[in-house]
1. Give the residue that is modelled with the lowest pLDDT, with candidates limited to residues of region 337-387 that are under 17 Å from THR405 (Cα atoms) and basic (Lys, Arg).
2. Which ones in region 296-306 are in contact with a Phe, Trp or Tyr (Cβ under 8 Å, 6 or more places away or on another chain) and either in the same structural domain as LYS235 (by TED's automatic domain parsing) or more than 9 Å from the ligand (Cβ to nearest atom) (or both)?
3. When the residues of region 333-381 are filtered to those that are farther than 23 Å from GLN239 by Cβ, of a type in the set (D, E, K, R) and surrounded by fewer than 20 Cβ atoms within 10 Å (Cβ to Cβ), which remaining residue is farthest from the ligand (Cβ to nearest atom)?
4. THR256 is checked against (1) closer than 25 Å to SER193 by Cα; (2) β-branched (Val, Ile, Thr); (3) within 15 Å of the ligand (Cβ to nearest atom) and fails just one. What number does that condition carry?
5. Show me the helices (runs of 4 or more DSSP H) found entirely inside region 180-287 where at least 1 residues are on the phi < 0 side of the Ramachandran plot and among the small types (Gly, Ala, Ser).
6. Does GLU398 qualify as being assigned by TED's automatic domain parsing to the domain that holds GLY64, more than 30 Å from ASP40 (Cα to Cα) and either surrounded by 15 or more Cβ atoms within 10 Å (Cβ to Cβ) or at pLDDT below 85 (or both)?
7. Can you pull out every residue in region 19-59 that is closer than 24 Å to ALA455 by Cα, under 14 Å from the mean Cα position of the chain (by Cα) and not in a loop (DSSP other than H, G, I, E, B)?
Amino acid sequence: MVVNPNEQMDFFKEEKNAFRPIHYLGSKLRILETISDIIDEIDPTYGRVYDVFSGSGTVSSYLGRKRSVTSVDIQEYSRILTSAVLQPFYEGELLEVKDRLLNYKLTNLQVCAEPLIQYEEWALAKASDNDIYDICELVELGSIMPYKNNERENISKGLKKALEETVMKLQDMNLFYSEKSITTRYFGGTYFSFKQASELDNLLNMADTFEGRVKDIVIAATLSTASEIVNTVGKQFAQPLKTLDSRGKPKKSLVTKIIKDRSVDVFKMFEMQLNKYFSLEKGNFNHISLCSNFYEALDNITSDTKVVYADPPYTRYHYSRYYHVLETMTLRDNPEITKVKLKGELRMSRGLYRTERHQSPFSIKSLAKEAFISLFSKVSEKNVSLILSYSPYDAEKESTPRVQTISELLELANKYFNKVDVLSIEGFVHSKLNAVGKNFEIPTNAEILIICTEANGEVRNNI
Ligand SMILES: C[S@@+](CC[C@H](N)C(=O)[O-])C[C@H]1O[C@@H](n2cnc3c(N)ncnc32)[C@H](O)[C@@H]1O
């Protein structure tokens, strides 16, 4: 038995030493110690662990203090975050970043964005006096990309003028199609103030002057900054604020939040985040961060690997929708924006989502079972143990159904591993499939870990 079922565990104890690079839905912050303890029990030799759906990097960061970690996620922003939490960051490098920062506080980008920055400051000042129409209009309709795509016919004269002047300046300075202005063009006004968005671009442009590990850390601290300051409900990127009610009237209740989020100083926040990455205790291990499909990564698993920790998505909501802003800020690839039909016409989506967002098979009902079979069989074939998280936390709301049930997963797990234990918040609820009835019920809100050991190397076509 991996964990003593009689042992009372405090699953929700504060993880004092945990590090959270970004606000993240369904992060494992509260059960890091439990995950780590179980891994230690399965592998007391402190071999390598694979964190195959690494997301925010919180788990990799925690496990990386004791053993070598290979982090894997299909999103490049996640590779950046795990690289930053796992690799060393020396004092000389920190000082060099802070030094170079001085040259990136005010650049041509702020000159270009000046008309919109000033217009927004004027609208925010009016909002402080309870006149909220203009700031709500800017949050709703002030984004540069749809304006440039001729999708802003009915905006106020003042906003139109500010947008037009900024577009002209960006074009004059050859910054309009440049990756150097990507945050300003795609997400200024909507997710961040224009001042903040252009300063986030400055930070990414500064990151370009570094290489490798330090470049990753500078980008990661910029993403952490974006996550802290974003002007949305819940600090995610799935939905910009809806500033108008169903009758098209500005919502007064949002004004305090708009003013507060948009007044956060980007450079101060960045320095705070940078210091946090610097203060991280990082072991002397050979960590690896990969942007890859889980399957290919497991195919090439290194021989020193003893355990795989897997935390895949469980609902039909794709993670790529929640963090698309971070992915675009990382890739800086001028992505196409998804279109939606509005009053018979195709318009850019409100959220400005990239068209090439990853659609995970784990979130698609018809593909999820096959994806889990691949996961179980690949880990078993490599003769490694697997800890699978089953998360009760929904991306959207409590009642969102899981694409796979616990009993379906256990049935699969038992084909590939001779020993399968289930650990929930209450301790062990079941051990072995035969003890688990078809109507297996999990306690509401229970974090579940499915612990698969004694791999039998079963080949998948026997399923
Ligand atoms: C539940 S989240 C992981 C959360 C993470 N454990 C944490 O604490 O931050 C699931 C992650 O799986 C990633 N993902 C989805 N499909 C994938 C695939 N086929 N290969 C690799 N990663 C994938 C998503 O990008 C997302 O970051």
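1. Among residues in region 337-387 that are under 17 Å from THR405 (Cα atoms) and basic (Lys, Arg), the one modelled with the lowest pLDDT is LYS365.
2. LEU298, ILE301, THR305
3. GLU381
4. Against the list (1) closer than 25 Å to SER193 by Cα; (2) β-branched (Val, Ile, Thr); (3) within 15 Å of the ligand (Cβ to nearest atom), THR256 comes up short only on (3).
5. Of the helices (runs of 4 or more DSSP H) lying wholly inside region 180-287, those with at least 1 residues that are on the phi < 0 side of the Ramachandran plot and among the small types (Gly, Ala, Ser) span 194-207, 212-229, 266-279.
6. Considered against the rule, which asks whether it is assigned by TED's automatic domain parsing to the domain that holds GLY64, more than 30 Å from ASP40 (Cα to Cα) and either surrounded by 15 or more Cβ atoms within 10 Å (Cβ to Cβ) or at pLDDT below 85 (or both), GLU398 comes out as yes.
7. VAL59
Condition check ((1) over 16 Å from GLY189 (Cα atoms); (2) over 22 Å from the mean Cα position of the chain (by Cα); (3) without any contact (Cβ under 8 Å) to a residue 24 or more places away in the chain) across all residues:
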| site | (1), (2), (3) |
| --- | --- |
| LEU244 | no, yes, no |
| LYS249 | yes, yes, yes |
| LYS252 | yes, yes, no |
| ILE259 | no, yes, no |
| ARG262 | no, no, no |
| VAL266 | no, no, no |
| GLN273 | yes, no, no |
| PHE278 | yes, no, no |
| LYS282 | yes, no, no |
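The values are calculated or read from the model by the stated rules, or taken from the named source; none is laboratory data. Predicted model only: the values in this text are computed from it and were never measured. Counting neighbours? That spans all protein chains shown, and the Cβs are built from the backbone with ideal geometry, glycine included.
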